[in-house]
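Here's the structure we're looking at; comments come further down.
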Amino acid sequence: QYVTANSSPTRERRYNPITSLLPKFWFPVWGGDEDGMQLGMTTGGRDVLGHHTYFLSALYGIESERMGFFGQYINQQFYPTITLFGADTADVFVDIFQDEDEEDEDYWQREQVAGIDVSFPLYRSREIEFAFSTGYRFKKMKHLTDPDTLTPAPDEGELSGISAGILFQNLGSSIYGISPESGFLTSLTYRRDDEALGSDYNLN
């Protein structure tokens, strides 16, 4: 018997990442804000060539009736690697502030963050990466707990600054893994929030 191979060539076309960027997973998540429990979902995806990666978590406060989220998009198609991120979260500070009776009081703060990081890989293999990064971050802080009765008085306002750092990672993952399965990551970052960049405070 003879098997005739298909001699018609496959038509060449430009790569389109959108067709493989649909979410790869959906997980329920929960958290808390100043009024109680939050419920939501987290999802993410990556195209088959690993050029585009994204993660998104969204939470809804049952009592506060307010949405919160965290999102990140990573573009590795070009050099350097570009990461965009944004968040709107309720964060709690414990054992820092006291009320009028000098009792410890939890302080809840709303933080709205947006920024960009640019990473320049100095060495990269399938599992190992050593890179230099720089970026810009804007953060708006607003109280969710009444600050008038707390000591010391919590600060509010905006932080705007730049950063620089180095990163080393040795991570292993399967080709369809949604997160690393082994290894480690370590980094060292310096951030400067400065009034010259629109920040209400100068911070190192």
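The values are calculated or read from the model by the stated rules, or taken from the named source; none is laboratory data. Owing to the predicted nature of the structure, the values given are computational and were not obtained by experimental measurement. With ideal geometry, Cβ positions are generated from the backbone for all residues, glycine too; neighbour counts draw on all protein chains shown. Remember, those area values only see protein heavy atoms, side chains included, never the ligands or the DNA or RNA. Shrake-Rupley method; radii C 1.70, N 1.55, O 1.52, S 1.80 Å.
For the range 116-161, I need the span (max minus min coordinate) of the C-alpha atoms along each principal axis, in Å, sorted largest to smallest.
54, 19, 16
In whole Å, what is the distance between the alpha-carbon centres of the range 40-75 and the range 138-178?
One Cα centre to the other: 16 Å.
Could you bin all the Cα-Cα distances of the chain into 5 Å bins starting at 0 and give me the percent of pairs in each, rounded to whole numbers?
P(r) for the chain, in whole percents per bin: 1, 6, 10, 13, 15, 15, 13, 10, 6, 4, 2, 1, 1, 1, 1, 1, 0, 0, 0.
Counting only heavy atoms of the protein chains, get the accessible area per residue of the chain (1.4 Å probe) and round it to a whole Å² value. Don't skip to the end; give the middle numbers.
Details: 13960 Å² over 204 residues.
Each residue of the chain exposes 68 Å² on average to a 1.4 Å probe.
Choose one of Q38, S179, N75: the residue whose Cα lies farthest towards the positive end of the charge dipole of the chain (beta-carbon charges +1 Lys, Arg; -1 Asp, Glu; about the Cα centre).
Selected residue: N75.
Can you tell me which of A58, A153, A164 moves the most in a GNM of the chain? Springs connect C-alpha atoms under 10 Å apart.
Evaluated over the chain, the most mobile residue of the options is A153.
What span do the alpha-carbon atoms of the range 8-51 cover on each of the three principal axes, reported in whole Å from largest to smallest?
Taking max minus min along each principal axis of the Cα atoms, the range 8-51 gives 63, 16, 12 Å.
Per the 1.4 Å probe, what fraction of the accessible area of the range 69-153, in percent, lies on carbon and sulfur atoms?
Carbon and sulfur: 54 percent of the exposed surface of the range 69-153.
Give the cross-link partners of K142 among the aspartates and glutamates, using a straight C-alpha distance below 14 Å as the criterion and excluding same-chain residues fewer than 8 apart.
Straight-line reach from K142, under 14 Å: D33, E34, D88, D91, E111, D155, E156, E158, D200.
D95: net charge of surrounding residues, Cβ under 10 Å, Lys/Arg +1, Asp/Glu -1, itself excluded? If you can, show how the numbers build up before the last one.
On the way: positive: none; negative: D104, E105, D106.
Here the charged neighbours net out to -3.
Excluding ligands and nucleic acids, what accessible area in Å² is computed for W108 using a 1.4 Å probe, to the nearest 10?
50 Å²
Of I62, I82, I96, which has the largest mean-square fluctuation in a 10 Å C-alpha GNM of the chain?
I96
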